[in-house]
Structures are given as C-alpha cells and as structure tokens.
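Structure, as structure tokens:
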Amino acid sequence: MLPAWLTFCIYLFYGIPSFILYILTFYIILRYRKTFHSSFFHLYLFDGALNLFTFLNNYFKTRIPGITGYNSFIGAFYRIIADTILLDFTMLMNFHMAYVQYAITTLVSLNRLSVMLKYTTFEPLWRKYTWIAIVLICFVPLLNTEVVLHYDTQLAYLNITDTYSITTNMPIDEVFSICIPFMIISTVLSVVINFISVIVVRNLQTQIRYKVESNFIMITCITCLVQLCGTVLSVVRVKLVETDAAMMLATFIPLISDGLSLVQPWLLLAFSHVVREKIIGIISWKKLKKSAVYILKSTTYV
C-alpha cells in the first residue's frame with residue numbers, strides 16, 4: 001500500500017489539471033453562450049459545478065485529514081470545527097452526492113437520446129426546465145441521506161500515523177440499503193439509454209448531425225462506463241464488507257469517484273473541436289500577449 005503522502009500527490013497530479021480544465025470550459029461556455037447554447041452544455045455546467053463540489057468535499061473529508069499531523073496548522077483547524085455542523089454537513093454530502101452524481105449522469109444520457117429523437121420538441125423543453133430537474137436531484141435524496149445527521153460525526157486522531165480521519169457511528173446500511181439499489185437502477189437505465197442512443201445516432205440521415213451527435217454520445221457512453229465501474233465496486237464492497245477483498249476494493253473507489261467527477265472536461269476537450277479550439281485560442285492569446293509585452297519593454301529600453 002502506498003504511503004498517504006504519495007497517494008495524496010497522485011490525487012493532486014490529476015486533480016489540479018482537471019480542476020483548471022473545468023474552470024476553462026466553464027469560462028468558454030459562458031463567454032460564448034451563442035455558440036454553446038444547446039441543452040447539453042447547460043447540463044454540463046450544472047453537472048460540472050456539482051462534480052467539483054463532490055471532488056472538493058472528498059478532499060476536505062478524507063484526503064486532507066489523511067496527511068494532516070496534530071501539530072500542523074490544518075490539524076488545529078480541524079480540531080476547531082470538530083464540534084460544529086460543518087463536520088456533519090461534510091459527512092452528509094459524502095453520501096448525498098453519490099445520489100446526485102449518478103442521477104445527473106443518467107439525466108445527461110436521457111437528454112441526448114430525447115434530443116436526437118425529437119429535437120424541435122425536446123431541446124426547448126430541456127433548456128427551459130433543466131433547472132427543475134437539477135433542484136429535484138439535489139434535494140430529493142435528502143429523504144434518505146438526512147439520516148446521517150441522526151448520528152455523531154467525529155474527528156478521530158490516529159496516534160500511530162499522526163493523522164486524522166472523519167468518521168461516523170452510523171451503520172452503513174442506513175444509507176446504502178437505498179443508495180445501492182438506486183445506483184444499480186440508474187446505471188442500468190444509463191446503459192440502456194446509451195445503447196439505444198448508439199443505434200439512433202448510426203441511423204441519422206445528415207452527415208453533419210451524425211458527427212455532432214456521435215461525439216456527444218461518446219462522451220455519455222464513456223461517463224456511463226465509469227458509472228458502471230463505480231456501481232460494481234460499490235455493490236461488491238458492500239457484499240464483502242469486513243473482508244480483505246472489501247479493503248482492497250475500498251482503495252479503488254476514490255479513484256472511480258474522481259473519474260466520475262473529473263472525466264467530463266477531458267472528454268469535452270477530446271470530442272468537441274470547438275471547445276478545443278477555444279481553449280487553444282485562450283492559451284495562445286495569453287502567450288502572444290506576454291510576448292508582445294516583452295517586446296514592448298525591450299524596445300522601450302533600447
């Protein structure tokens with residue numbers, strides 16, 4: 001097993017570039033609204049914001065405490081918030097966002113299929129009412145996850161490793177008895193919807209629309225594959241709870257969670273040439289601007 005600090009560095013290695021890429025894609029979509037006006041990009045903004053929240057919450061709950069020593073500044077900060085609602089909220093979101101991520105992944109798949117089948121009908125409906133679906137996805141899971149608040153969330157100090165962990169005395173079945181079936185159902189729906197979408201996109205009449213929609217479907221299919229991996233690992237882990245196999249699988253679950261949270265901007269970069277060109281344009285413009293400033297300063301002092 002890798003040392004905690006090395007594991008943390010690996011998380012940062014892909015986490016920081018992914019975070020920056022998310023911000024860049026947000027900026028481009030909002031800056032060029034007329035170009036990225038489809039409901040897919042509306043969903044991408046909502047999905048991306050919630051994914052980043054999940055990603056940061058995982059750092060705050062698990063990864064930072066796992067490398068924080070007692071005498072460090074961060075250790076003092078965690079001790080200050082140990083008896084506040086912030087710790088309870090962090091634990092709540094740890095379970096809650098599983099519902100949110102899986103539901104939105106299924107929603108995006110449904111969006112592409114419905115728009116392909118009847119663009120003139122469904123595209124305006126998605127643009128107008130997507131926010132309602134997002135609100136429901138964010139709050140309905142509280143019917144189950146609010147049970148987390150009925151138990152104590154504790155900041156535990158591990159003297160052997162000089163690190164912290166945030167734990168709860170809640171039996172895992174309190175949430176997973178409903179969350180696991182939800183994950184299975186949403187994943188099955190995603191797989192079926194994407195399978196139908198692949199069939200539909202292959203029968204599209206126009207070459208231009210085929211190319212555009214096939215790129216979107218590639219994004220949803222790959223995201224669905226990550227969702228499927230996460231579901232399988234979670235189910236197996238619950239079935240084999242308190243076994244060595246469960247402990248081993250537990251090490252992969254954070255990576256799958258990050259995959260579901262961070263894969264979207266990379267897929268958008270890979271399959272959307274318009275997004276790719278805009279990002280390259282921004283980077284090139286900044287380099288050109290720096291060069292121009294350098295030349296201007298050089299000629300000024302000549």
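The numbers here are math on the coordinates, done by the rules we state, and not lab data. Remember, it's a predicted structure, so these values are computed and weren't measured experimentally. Don't worry about glycine lacking a Cβ; one is built from the backbone with ideal geometry, like all the others, and counts go over all protein chains shown.
Among 237, 63, 31, 127, sorting on how many other beta-carbon atoms sit within 10 Å of each Cβ, with the fewest leading, yields 31, 127, 63, 237. The modelled label-to-label distance for the pair residue 62/residue 236, using points 7 Å beyond Cα in the direction of Cβ, is 1.6 nm.
Other residues whose C-beta falls under 15 angstrom from the C-beta of residue 255 contribute a net charge of +1, scoring Lys and Arg +1 and Asp and Glu -1.
Using a/c under 1.5 as the rounded threshold, could you call the chain rounded, prolate or oblate? The axes a ≥ b ≥ c are square roots of the C-alpha gyration tensor eigenvalues, and prolate needs a/b larger than b/c, oblate otherwise.
Oblate shape, in that a/c is at least 1.5 and b/c is the bigger or equal ratio.
Taking amide H atoms as placed 1.01 Å from N in the peptide plane, the amide H of residue 168 lies under 5 Å from those of 154, each 5 or more residues away in sequence or on another chain. Comparing Cα centroids, region 152-177 and region 1-58 end up 27 angstrom apart. As a proxy for reagent exposure, 131, 126 were ordered by neighbouring Cβ count within 10 angstrom, fewest first; the result is 131, 126.
Within the listed set 253, 20, 160, the Gaussian network model of the chain (springs between alpha-carbon atoms below 10 Å) gives the highest mean-square fluctuation for 160. Here's how it looks for residue 163: its modeled amide H is under 5 Å from those of 158, which are all 5 or more places away or on a different chain.
To make sure I understand, if each residue's beta carbon is the centre and we count other beta carbons within 10 Å, what order do 86, 113 fall in, fewest to most?
86, 113
Measuring nothing but how far apart in sequence close Cα pairs (under 8 Å, 6+ apart) lie, relative to its length, region 4-289 scores a relative contact order of 24 percent. Estimated from the Cβ-Cβ distance and a Förster radius of 41 angstrom, the FRET efficiency linking residue 200 and residue 255 is about 0.80. Taking all Cα pairs closer than 8 Å and separated by 6 or more residues, the relative contact order of region 1-152 comes to 29 percent. Given their separation in residues at 0.36 nm each and the Cα-Cα distance between them, residue 139 and residue 178 gain 12.5 nm when the chain is fully extended. For region 4-289, a crude dipole built from +1 on the beta carbon of Lys and Arg and -1 on the beta carbon of Asp and Glu, taken about the Cα centre, is about 1720 debye to the nearest 20.
Taking θ as phi - 60° and the Karplus parameters 6.51, -1.76 and 1.60, the scalar couplings of region 37-52 work out to 9, 6, 5, 4, 6, 4, 5, 4, 5, 5, 4, x, 4, 6, 5, 5 Hz in sequence order, x denoting glycine and proline. A Gaussian network model of the chain, with springs between Cα atoms under 10 Å, assigns the largest mean-square fluctuation among 228, 30, 110 to 30. Rounded to the nearest Hz, the phi-derived 3J(HN,Hα) couplings of region 131-144 under the Karplus curve 6.51 cos²θ - 1.76 cosθ + 1.60 (θ = phi - 60°) are 4, 5, 4, 5, 4, 5, 4, 6, 10, 4, x, 4, 4, 9, where x marks glycine and proline.
When the chain is treated as a Gaussian network with alpha carbon springs shorter than 10 Å, the biggest mean-square fluctuation among 183, 248, 93 belongs to 248. Computing FRET efficiency as 1/(1 + (r/R0)^6) for residue 245 and residue 89, where r is the C-beta to C-beta distance and R0 is 25 Å, gives about 0.20.
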